[in-house]
Amino acid sequence: MSFDLVLFGGTGDLAWRKLMPALFQAFRHGTLPADGRIIGVARDDLSDSQYRALIRTRFDEVELAKRPSPEEFDRFAALLHFLRMDLSQPQDYERLAAQLRERNADTVVMYLATAPSLFTVACEQLAAAGLNTANTRLVLEKPLGHDLASNRAINETVRSVLAEKQIFRIDHYLGKPSVQNLFALRFGNALFEPLWRRETIANIQITIAEDLGVEKRGAFYDSTGALRDMVQNHALQLLCAVAMEPPINSHADDIRDEKLKVLRSLRPWTAQALGQDVIRGQYMSGRMEGEIVSGYRDEPGVNPESTTETFVALRTEIANWRWAGVPFYIRTGKRLAGRDARIVVNFRPVPHAIFHSPAGAANQLAIHLQPKDGLELHLLAQAQDQRHSKAAAQSLTPVHLDLDFDKRFGSERVGAYERLLLDVIDGRLNLFVRSDEQEEAWRWVEPIMEFWRNEPSGPRPYAAGTWGPSAASAMIARDGHCWSEEC
Ligand code: NAP
């Protein structure tokens, strides 16, 4: 099978840091179809060889194990080409069309790794140049809009030129091996399904914590914030993966139908819930690994009076038979105490205790997404006390079964972007987001955005290197629970 992958934004941060390394890994693993061309597009005036040289230098920043040898790079570089093009200029699309027609590949992937403000014009002009044929696949990066109306406007334009099955909306969290293993754990094993419900589960926590600040993306982040950047997409997709009903089969639309039902079942916001169940924060200067780091408002590109949130913690419920009454907590932020993405399923304690257990001890399933990648099942076991006393015989102590996917399957496993890029080339939509899911997610976060707009107090400060404002702990404590690292 032959393919052309047109990488709009081929000189941008995403292309360098994620897409090129992922394409190279697929090439190295022999999974990238051999008859392929990758065409980087941007406004710079570069020849193919200059573009290849530029990419070669960027690979120096990639972790050692994933860096190509000079011979490997030369073979990979034969796939790389460059086209100077301004996406806002209709005449430039003709040159792209000519290049693509010349080869007439079986599959043409258009990857929009550019600012979302260019998505609409790019789709319209691709269609005007006749590039929306049946073998075209379009990849859209997040954020797709900044609210429901702008998201709908982009989706309407895209759908007016391509069928839904040709549109691949990326949420790279869905490509993470742990998320695929969550599906496998839930729908490939009989063990957990009988327990996966309100009668046995006390609460579910989704944490996506970053230790980094906004780095070089201050201006972008300041107009976006944690709610739009992380909650509307990644966190809600994780919530769908953990809470959805078993789909009738593994077809993309059957999976996406079930995710959509979860989003539609999220408890609608009331004024009271907005006031007490959503906490926003902004990081101040603090100490991380012994170094003092800047506060958010002092970061380059950030408005010194910014009220943009760099932290969100919220509590919600899913109004259906499986989950009614079970709190789902979502928490995400920058400059937190560690880089840690995990889903924690806390089971209820036994209904009648005959052993002594540490206060609050109960079973827990932790699904680690990053930096560690694996599953941990926390159990209570008989304490092994040499003294063989009666008290020891009646005491339980927490132990855990640890399935470390890196150790079990090797660190050469397929990364998220590698997996997703190969899926696009293959036309597999399972791990991509449908427009109605996205719209439902925007519909649910919009009341929070509206509430914040009218709330003068702004985000709560928290020191860099902590787990966010103390109000996030107070929120969860109201239910008698605690964040997993605090318990
Ligand atoms: P970036 O570093 O600013 O790169 C933008 C790219 O688009 C550059 O190659 C730029 O090249 C090109 N470009 C800009 N205007 C253009 C035009 N009119 N015509 C043709 N090319 C144009 O941005 P990025 O960080 O890579 O982000 C790209 C997209 O991915 C954004 O939607 C972002 O939100 C999303 N995203 C990024 C990341 C990330 O980690 N970076 C993560 C998730 C999602 P020239 O200026 O030379 O033309």
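The values are calculated or read from the model by the stated rules, or taken from the named source; none is laboratory data. Keep in mind the model is a prediction, meaning the values are calculated, not measured. As a convention, Cβ positions derive from the backbone with ideal geometry for all residues, glycine included, and neighbour counts pool all protein chains shown. Surface areas here come from the heavy atoms of the whole protein model, side chains and all, with no ligands, DNA or RNA. Shrake-Rupley method; radii C 1.70, N 1.55, O 1.52, S 1.80 Å.
Some points to look at:
- Check on Gln272, farther than 16 Å from Glu210 by Cβ, without any contact (Cβ under 8 Å) to a residue 12 or more places away in the chain and open to solvent by 60 Å² or more (accessible area, probe 1.4 Å): yes
- Taken together, the residues in segment 181-192 that are out of contact with any Lys or Arg (no Cβ under 7 Å at 6 or more places or on another chain) and either among the basic types (Lys, Arg) or touching a residue at least 24 places away in the same chain (Cβ under 8 Å) (or both) amount to 6.
- Taking first residues from segment 203-226 that are touching a residue at least 40 places away in the same chain (Cβ under 8 Å) and closer than 8 Å to Lys334 by Cα and partners that are more than 14 Å from the ligand (Cβ to nearest atom) and part of a helix (DSSP H, G or I), no Cβ contact under 6 Å between residues at least 6 apart in sequence or on separate chains turns up.
- Qualifying residue in segment 341-359 (condition: surrounded by fewer than 18 Cβ atoms within 10 Å (Cβ to Cβ), farther than 19 Å from Met244 by Cβ and touching a Pro at 6+ places or on another chain (Cβ under 9 Å)): yes
- One residue stands out in segment 22-54 among those that are within 12 Å of the ligand (Cβ to nearest atom) and either open to solvent by 40 Å² or more (accessible area, probe 1.4 Å) or not in a strand (DSSP E or B) (or both): the one that is nearest to Ala122 (Cα to Cα), namely Arg43.
- Filter result (in contact (Cβ under 8 Å) with a residue 60 or more places away in the chain, in a helix (DSSP H, G or I) and either open to solvent by 30 Å² or more (accessible area, probe 1.4 Å) or away from the ligand (no atom under 11 Å from the Cβ) (or both)) within segment 1-20: Asp13, Leu14, Lys18
- Residues located in segment 99-120, provided they are among the polar types (S, T, N, Q) and either under 21 Å from the mean Cα position of the chain (by Cα) or open to solvent by 50 Å² or more (accessible area, probe 1.4 Å) (or both): Asn104, Thr114, Ser117
- Pairs where the first residue, in segment 419-442, is of a type in the set (Gly, Ala, Ser) and the second is crowded, with 22+ Cβ neighbours inside 10 Å, C-beta under 6 Å, 6+ apart: Ser435/Asn155; Ala441/Gln232; Ala441/Leu236; Ala441/Leu263
- Set side by side, the residues Ser484, Ser457, Ser435 differ, and just one is of a type in the set (S, T, N, Q) and open to solvent by 50 Å² or more (accessible area, probe 1.4 Å), which is Ser457.
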